[in-house]
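Here's the structure, in C-alpha cells; my notes come after.
The values are calculated or read from the model by the stated rules, or taken from the named source; none is laboratory data. If you're wondering where the values come from, they're calculated on a predicted model, not measured in any experiment. Note that we place each Cβ from the backbone using ideal geometry, even for glycine, and neighbour counts take in every protein chain shown. Surface accessibility is based on the protein's heavy atoms, side chains included, excluding ligands, DNA and RNA. Shrake-Rupley method; radii C 1.70, N 1.55, O 1.52, S 1.80 Å.
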Amino acid sequence: MAWRGAATTAVWVCAVATASGLGAWSLAHTGSGTAQLRAAPLDELGVRQKLDAARSAAAEPHRPPDPATASTPPNPPASSAPPPGAGTVRVTGGSITAECRTGGRVYLTAWSPTAGYHVDDDVLRGPAATAAIEFEPLDDDGPDDRPYQVRCADGRLRAEPAPDHDD
C-alpha cells in the first residue's frame, strides 16, 4: 500500500510541474502583457459617439472624397443623443431595444429576457412596420408565453402584447 502513496505523490508533483511550466510559458509569450491589449471601457458619451458613427457609416454609401472639399475637416455631429424613437422598453418577460427608422419601420437591435424567461430564434426583428418577439418561460408549468408586437407610433417605440399562437 506504500506504493499508492508514492504514486499519488508522483502524480501531484507532475501536475504541479506541468501547471508551473505552462504558466511560465504563457507569461513569456504574452509579449508586453495584457494591459496594453485591453480596450478601456467607454463612458455613456463614448458609447453614443461610437453608435452614431456606426449608424452613419451603415446609412450612407461609401463615396470617395470630393477633392474640392477634402481639405475641410468634417463637421462634428450636432448631438450625441440617440435618434428619436430609439430606446428600450421593459415588458413582462424581459426588455426590448429597438429603433424607429424612416417610413415608420422598426428594427429590433437587442433583447434581454428576465430571469425565468428565454427567447427562441423566431424573432422578427425588421426593419418592418411591425416586429415581433416572444418571451417564453423556462419552465413549461410556469407563466404563459409573452408575445409582443413592436412598432413605431408617431416616431416613438411601442411594444404591445400580441396573441399567443403557440398554444
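Worth a mention:
- Unmet requirement for Tyr148, which otherwise passes all of (1) crowded, with 20+ Cβ neighbours inside 10 Å; (2) closer than 27 Å to Gln49 by Cβ: (2)
- Gly126 falls short on exactly one of the conditions (1) in contact with a strand residue (DSSP E or B) (Cβ under 7 Å, 6 or more places away or on another chain); (2) on the phi > 0 side of the Ramachandran plot; (3) surrounded by fewer than 19 Cβ atoms within 10 Å (Cβ to Cβ), and that condition is (3).
- Among the residues here, Pro143 does not qualify as closer than 28 Å to Asp43 by Cβ, modelled with pLDDT under 80 and more than 18 Å from the chain's Cα centre (by Cα).
- Tally, over the range 98-123, of residues that are of a type in the set (Asp, Glu) and either over 19 Å from Asp164 (Cα atoms) or open to solvent by less than 50 Å² (accessible area, probe 1.4 Å) (or both): 1
- Close pairs from the range 110-124: first under 15 Å from Asp145 (Cβ atoms), partner of a type in the set (S, T, N, Q), Cβ under 7 Å, at least 6 apart: Trp111/Ser95; Trp111/Thr97
- Which numbered condition Asp154 fails, given (1) in contact with a strand residue (DSSP E or B) (Cβ under 7 Å, 6 or more places away or on another chain); (2) surrounded by fewer than 17 Cβ atoms within 10 Å (Cβ to Cβ); (3) at positive phi: (1)
- Residue, modelled with the highest pLDDT, within the range 78-97, restricted to residues that are open to solvent by 20 Å² or more (accessible area, probe 1.4 Å), of a type in the set (A, V, I, L, M, F, W, C) and in a strand (DSSP E or B): Val91
- Test result for Gly46, modelled with pLDDT under 90 and not hydroxyl-bearing (Ser, Thr, Tyr): yes
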